[in-house]
Amino acid sequence: MKHIVTYGSGSLLLLHNDGRGAGFGAFATDAMMAENGQACSTDDAYRKLGIAYDSRDYDARWCC
């Protein structure tokens with residue numbers, strides 16, 4: 001992530017712990033919606049996206 005932010009490009013592969021999580025994608029989209037004034041809160045963003053809170057992605061293991 002630091003490389004992508006520093007250099008403005010790169011890639012990131014996120015693998016779901018069980019193939020059904022909405023964690024990081026929802027988190028990032030929520031942040032972008034708040035930054036652009038499209039949602040006034042996380043609850044508002046998730047309602048607009050039609051997703052529920054989900055922490056399964058954060059339970060996945062990091063691999064190098």
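Observations on the model:
- Counted residue by residue at 0.36 nm each, then reduced by the alpha carbon distance between them, the extension gain from ALA34 to ARG47 reaches 3.4 nm.
- Per-residue ³J(HN,Hα) for region 31-40, Karplus 6.51 cos²θ - 1.76 cosθ + 1.60, θ = phi - 60°, Hz, x for Gly and Pro: 5, 5, 5, 5, 5, 8, x, 7, 8, 9
- Available extension along the chain between PHE27 and TYR7 is 5.0 nm, counting 0.36 nm per residue and deducting the alpha carbon span.
FYI, it's all coordinate maths here, none of it is from the lab. Predicted, not measured: the structure shown is a model, and the values here were computed from it.
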